[in-house]
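Inspection log for the structure reproduced underneath, given as structure tokens.
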């Protein structure tokens, strides 16, 4: 495969929100409950699932009427959420970097029951391993790679692990890209092109990186607009990217980067993503139509985009 790196693809000037984008805040958490540091997924009935502020539970919300239920789960932080397609019980994976608790990767159902766990690959008894997984993607297409699970250890060792159905694994540090990973925060199987690729949000390196399903480096994309790419979803031929430190972005198949939703302000203030007033750390002042700290993202079959924001209480937004 080509090792072409598109460090400065063409990009369009930042613009106001496109007219076709309709904004609806579906959920605003109580700041007193703590951080929302959440991924997001879409279940088979169209409901969305995300972390309850403060962790240790998830919320299943009906976007049509904004009713929701809260379900307890044995996870400190529901940082990464990946729904298993066509599962009979709407099971989904949780990447829990742990905070003060041990990190874990869990498969749970809508009742919050743990169905499976994944440990860090290649760990030996007695090894002092920092394992803080942030993201997970599953290869769904038929072929030799079906069932492979890719996990990004974004907050731990900045490694990416590929776990095969037979239990064997590979570990990637990014060195084949000429730059080792620095917080591989988000992973997605990119099905837009003629062949599926693994795309990684290498956040602190301010780039997104593409690999074949067999782990061969293909290309990188970066832009002056890309400050801290965090998570992905696919909408038609566009890769939707939450940029934690900036805007909501879109990336086309040619690597052109555009602002989809602008940032509330161009620079992070003291206490970001929260704010400090009179010496106290408080939730930020947010507005409709601009983002403060976009984190997780998902797109449904009709092209509606749902995303979360990271701060005290947090919020969940729908755009289309």
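Quick notes on this structure:
- Condition check for residue 257: buried (at least 23 other Cβ atoms within 10 Å of the Cβ), more than 25 Å from residue 132 (Cα to Cα) and over 16 Å from the mean Cα position of the chain (by Cα): yes
- Exclusive hit being touching a strand residue (DSSP E or B) at 6+ places or on another chain (Cβ under 6 Å) and within 30 Å of residue 174 (Cα to Cα), set 284, 229, 266: 229
- Taking the criterion of being closer than 17 Å to residue 273 by Cβ and surrounded by fewer than 22 Cβ atoms within 10 Å (Cβ to Cβ), the residues of region 224-243 that qualify are 227, 228.
- Test: residue in region 7-23 that is modelled with pLDDT of 95 or more, crowded, with 21+ Cβ neighbours inside 10 Å and either assigned to a strand (DSSP E or B) or touching a strand residue (DSSP E or B) at 6+ places or on another chain (Cβ under 7 Å) (or both): no
- Test: residue in region 115-124 that is within 20 Å of residue 47 (Cβ to Cβ) and either exposed (fewer than 15 other Cβ atoms within 10 Å of the Cβ) or in contact (Cβ under 8 Å) with a residue 40 or more places away in the chain (or both): yes
- Within region 75-100, being surrounded by 14 or more Cβ atoms within 10 Å (Cβ to Cβ) and either touching a helix residue (DSSP H, G or I) at 6+ places or on another chain (Cβ under 8 Å) or in a loop (DSSP other than H, G, I, E, B) (or both) holds for 75, 76, 77, 78, 79, 84, 87, 90, 91, 97, 98, 99.
- Among (1) surrounded by 19 or more Cβ atoms within 10 Å (Cβ to Cβ); (2) modelled with pLDDT of 95 or more; (3) closer than 25 Å to residue 97 by Cα - the single one residue 220 does not satisfy: (3)
- Note on region 185-218: residues that are part of a strand (DSSP E or B), in contact (Cβ under 8 Å) with a residue 40 or more places away in the chain, over 12 Å from residue 241 (Cβ atoms) and in contact with a helix residue (DSSP H, G or I) (Cβ under 9 Å, 6 or more places away or on another chain) total 1.
- Of everything in region 102-112 that is assigned to a loop (DSSP other than H, G, I, E, B) and surrounded by 14 or more Cβ atoms within 10 Å (Cβ to Cβ), the residue that is nearest to the chain's Cα centre (by Cα) is 103.
- Across region 141-148, not a single residue is classified as in contact with a helix residue (DSSP H, G or I) (Cβ under 8 Å, 6 or more places away or on another chain), assigned to a loop (DSSP other than H, G, I, E, B) and on the phi > 0 side of the Ramachandran plot.
- Answer residue from region 219-242, given it is in a strand (DSSP E or B) and under 24 Å from residue 267 (Cα atoms) and is farthest from the chain's Cα centre (by Cα) among those: 221
- The residues of region 247-280 that are part of a loop (DSSP other than H, G, I, E, B), touching a residue at least 24 places away in the same chain (Cβ under 8 Å) and at negative phi, listed by number, are 247, 253, 254, 256, 262, 264, 273, 274.
- Scan of region 281-320 for residues that are surrounded by 19 or more Cβ atoms within 10 Å (Cβ to Cβ), in contact with a helix residue (DSSP H, G or I) (Cβ under 9 Å, 6 or more places away or on another chain) and not in a loop (DSSP other than H, G, I, E, B), ordered by number: 311, 312
- Entry remark, region 62-74: residues being over 20 Å from residue 25 (Cα atoms) and assigned to a loop (DSSP other than H, G, I, E, B) number 2 in total.
- Residue match in region 128-147 (condition: surrounded by fewer than 16 Cβ atoms within 10 Å (Cβ to Cβ), at pLDDT below 95, over 30 Å from residue 301 (Cα atoms) and out of contact with any strand residue (DSSP E or B) (no Cβ under 9 Å at 6 or more places or on another chain)): yes
- When we screen 83, 69 for residues that are on the phi < 0 side of the Ramachandran plot and in contact (Cβ under 8 Å) with a residue 40 or more places away in the chain, the only hit is 83.
- Residue in region 63-74 that is farthest from the chain's Cα centre (by Cα), counting only those that are closer than 17 Å to residue 308 by Cα and surrounded by 15 or more Cβ atoms within 10 Å (Cβ to Cβ): 68
The values are calculated or read from the model by the stated rules, or taken from the named source; none is laboratory data. Predicted model, so just to flag it, every value in this text is computed and none were measured. For neighbour counting, all protein chains shown are included, and Cβ atoms are generated from backbone atoms with ideal geometry for every residue, glycine included.
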